[in-house]
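Here is the structure we will look at.
Values in this text are rule-based calculations from the coordinates and carry no lab data. Please read all numbers here as calculations on a predicted model, not as lab measurements. Quick reminder, even Gly has a Cβ in these numbers, built from the backbone with ideal geometry, and neighbours come from all protein chains shown.
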Amino acid sequence: MSMQKYQLRKFQINFVLSILLIYGAGNLKAEEQLTYYQLDSLTYQYYLNGNWDKLIETGEKSLANDIDFKWLQQRLGYAWFMKKQYYRSMKHYEKSLQFDNSDEISHLYLYYIGLNTGNFSYARAHAAKLSEETQQQIKFKKSQIVNAVDFEYNLKIPQETELRDNAHYFRGGIHALPLENFSVYVSLARFNQLFEYTKESHQQEMYGAIQYSLTPSTSMKVAYQSINSQVYADPDTSRNTGNLFFGKINHQLNRFNLSLSYAYFKNLWTTSGQTGLQLGAAFSGDSKIYLSGSLYHINESGIDFNNKTYNYNRLIFKQTAGFSPMKYIRTEAFLTLGDQYCFADQDGLYLYNNQDPTKFKAGLTVYAYIGKHLTLNMTYNYDKKLIYLFDQYYYQHGITGGIVWKI
């Protein structure tokens, strides 16, 4: 075969192969497009028919085959939302925002998910991204001078000792929303107790907290509390003032919640630093089960009753578990272990600086939601306490009644 014929034959073969490759690639591309359109049509039909199980099954297979698009994520999110699986729904609506960060539907349902999971800062962060028309439809208020007011009364009943009388604690607070991602809480409290027959202890507390949402899932809080204590022991009166500073950063990763906190307390006799780590997990469904565990390290130094300096390091562990046995009822059990003197609990709202340190605390709280505005709560707790001066342990019952009115 001459060189000219060989080159012509080679050209013809290469030309045919090129045509086949182009044709094959075109068929593959058309098949991928057809699969995408079929899935889009099929999942949309399941959505219209309310066939949530088939929609989820088909959608998960699509994602497993690397076929992903905004409407698929939204439909999967809506299917899980209708099944009251709010954290699974959250995952898909958040993924849909990766396709369109300003999508109105995704932000709207993430707002509803925040409400249904009790994460109101998350809900407000997404509501803030909605159009004014949608905000009016859901009655979203960007700011409120007063969002809620609350009041609580606690009666402490010591057992197995005559050295301590019943103690009384009163507290009232106001919650405000000056901006859509900014909240303020202020509280006033008073404590009094008769002890050792003739001595009387009084304490006044002023608390203020500011929370700012950096993102829908991440927030930071700072708080301050002023404590003014008096002990009346006729004819003498002693006074002690203290200051508590608190800071926390919190991040939610779907159903999991992680927070780091630090509290610093100082009065005339005591200085303490408290570092805390908290991890929580929540579960969807009608029961709304959630678990939370916290570990705190406290470094305390100061002057004791014998006028000697000391330094005391210790750990405190707190476990909380809650669920909703009925639609408008929520219960929460808690257990706290460790020496809780100077322990700043619940974001610094409660400071346990009583002269009798608590060594053990356990209890149960029941919340009742009455209508859109009223929440009632009742708490029973059982404490083990130590009278430091006499090295005597005693037990104490605590009963708390509270009310929250949301405006």
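Taking 0.36 nm per residue of separation and subtracting the Cα-Cα distance, full extension of the segment from residue 157 to residue 42 would add 34.9 nm.
How high is the FRET efficiency between residue 222 and residue 68 when r is their beta carbon distance and R₀ equals 35 Å, given to the nearest 0.05? Walk me through the numbers on the way to the answer.
Details: r = 40 Å, r/R0 = 1.14.
E(calc), rounded to 0.05, equals 0.30.
Cβ-Cβ distance of residue 170 and residue 254, R₀ of 45 Å, FRET efficiency by 1/(1 + (r/R0)^6): the value works out to about 0.70.
What is the extension gain from residue 199 to residue 271, computed as 0.36 nm multiplied by their sequence separation minus the C-alpha to C-alpha distance, in nm to one decimal?
Numbers: separation 72, 0.36 × 72 = 25.92 nm, distance 2.50 nm.
Contour length minus the Cα-Cα distance gives 23.4 nm.
Taking the C-alpha atoms only, the angle from helix 104-116 to the longest principal axis of the chain is near 30 degrees. Here the chain is treated with +1 on each Lys and Arg Cβ and -1 on each Asp and Glu Cβ, and its dipole about the Cα centre works out to around 1260 debye. With respect to the chain, whose longest principal axis is taken over its alpha-carbon atoms, helix 86-96 is tilted by about 50°.
Phi angles of segment 155-167 translate, via the Karplus equation with coefficients 6.51, -1.76, 1.60 and θ = phi - 60°, into HN-Hα couplings of 10, 10, 10, x, 10, 6, 7, 9, 8, 10, 8, 4, 10 Hz per residue; Gly and Pro are given as x.
Kindly state, to the nearest 0.05, the FRET efficiency for residue 49 paired with residue 149, given R0 = 60 Å and r defined as their beta-carbon distance. Present the calculation step by step, with values, prior to reporting the outcome.
Values: r = 46 Å, r/R0 = 0.77.
E between residue 49 and residue 149, to the nearest 0.05, is 0.85.
Shown here is the pair-distance distribution of segment 343-407: with all Cα-Cα distances grouped in 5 Å bins from zero up to the longest one, the shares run 4, 14, 18, 21, 17, 11, 7, 5, 2, 1, 0 percent. Under 5 Å between amide hydrogens, built in the peptide plane, is the criterion, and for residue 84 it picks out nothing among residues at least 5 positions away or on other chains.
For segment 373-380, putting each phi into the Karplus relation 6.51 cos²θ - 1.76 cosθ + 1.60 with θ = phi - 60° gives couplings of 10, 9, 10, 10, 9, 9, 10, 10 Hz, in residue order, rounded to whole numbers and with x for Gly and Pro.
Using a simple charge model, +1 on the beta-carbon of Lys and Arg, -1 on the beta-carbon of Asp and Glu, nothing else, what dipole does segment 251-407 show about its Cα centre, in debye to the nearest 20?
Values: 14 positive and 10 negative charges, 92 e Å.
For segment 251-407, the charge dipole is close to 440 debye.
When the Cα atoms of segment 266-407 are aligned to their principal axes, the ranges along those axes come out at 55, 30, 27 Å in descending order. If one computes the Cα centroid of segment 77-117 and of segment 122-158, what distance in Å separates the two points? Each part reduced to its Cα centre gives a spacing of 20 Å. Working note: Karplus 6.51/-1.76/1.60 with θ = phi - 60° gives segment 245-255 the couplings 10, 9, x, 8, 10, 10, 9, 10, 10, 6, 7 Hz, where Gly and Pro are set to x.
Between 121, 49, 230, the Cα set farthest toward the positive side of the dipole of the chain (charges on each charged residue's Cβ, about the Cα centre) is that of 49. Basic side chains Lys and Arg get +1 at the Cβ, acidic Asp and Glu get -1 at the Cβ, and with that the dipole of segment 286-331 about its Cα centre reaches some 200 debye. Near residue 147, the amide H atoms lying under 5 Å from its own belong to 175, 176, 177; only residues 5 or more places off or on other chains count, and H is placed 1.01 Å from N.
Taking the Cβ of residue 191 as the centre, find all other residues whose Cβ is under 15 Å away and add up their charges (Lys, Arg: +1; Asp, Glu: -1). If you can, show how the numbers build up before the last one.
On the way: positive: 156, 164, 171, 190, 199, 239, 385; negative: 152, 165, 200, 205, 345, 356, 383.
That sum, taken over residues with Cβ under 15 Å, equals 0.
The equivalent ellipsoid of the chain has semi-axes of 61, 24, 19 Å, largest first, where each one is the square root of 5 times an eigenvalue of the Cα gyration tensor.
Projecting the Cα atoms of 87, 35, 134 onto the charge dipole of segment 26-137 (Cβ charges, centred on the Cα centre) puts 87 farthest toward the positive pole. If you take the alpha carbon atoms of segment 26-137 and fit the smallest convex hull around them, that volume is 108 Å³ per residue.
For the chain, build the charge dipole from Cβ charges (+1 Lys, Arg; -1 Asp, Glu) around the Cα centre, then report which of 243, 71, 295 sits farthest towards its positive end. Towards the positive end, the residue furthest out is 71. Between amide H atoms placed 1.01 Å from N, distances below 5 Å from residue 163 occur with no residue 5 or more places distant or on a separate chain.
The angle between the Cα long axis of helix 3-49 and the main principal axis of the chain comes to about 40°, on a 0 to 90 degree scale.
Could you work out [θ]222 nm for the chain from helices alone, using -39500 (n - 2.57) per DSSP H run of at least four and dividing by all its residues? Round to the nearest 500 deg cm²/dmol. Before the final figure, lay out each step's value.
On the way: 7 runs with 111 residues, N = 407.
Value at 222 nm, helices only, nearest 500: -9000 deg cm²/dmol.
Net charge of the neighbourhood of residue 371, taken over other residues with C-beta under 14 Å away and scored Lys/Arg +1, Asp/Glu -1, is +3.
If you average the C-alpha positions of segment 312-346 and of segment 353-407 separately, how far apart do those two centres end up, in angstrom? Between the Cα centre of segment 312-346 and that of segment 353-407, the gap is 10 Å. Alpha-carbon geometry of segment 52-106: the Rg and the Dmax are 10.3, 28 Å, given in that order.
A cut-off under 13 angstrom between Cβ atoms defines the neighbours of residue 54, and their net charge, with Lys, Arg +1 and Asp, Glu -1, is 0.
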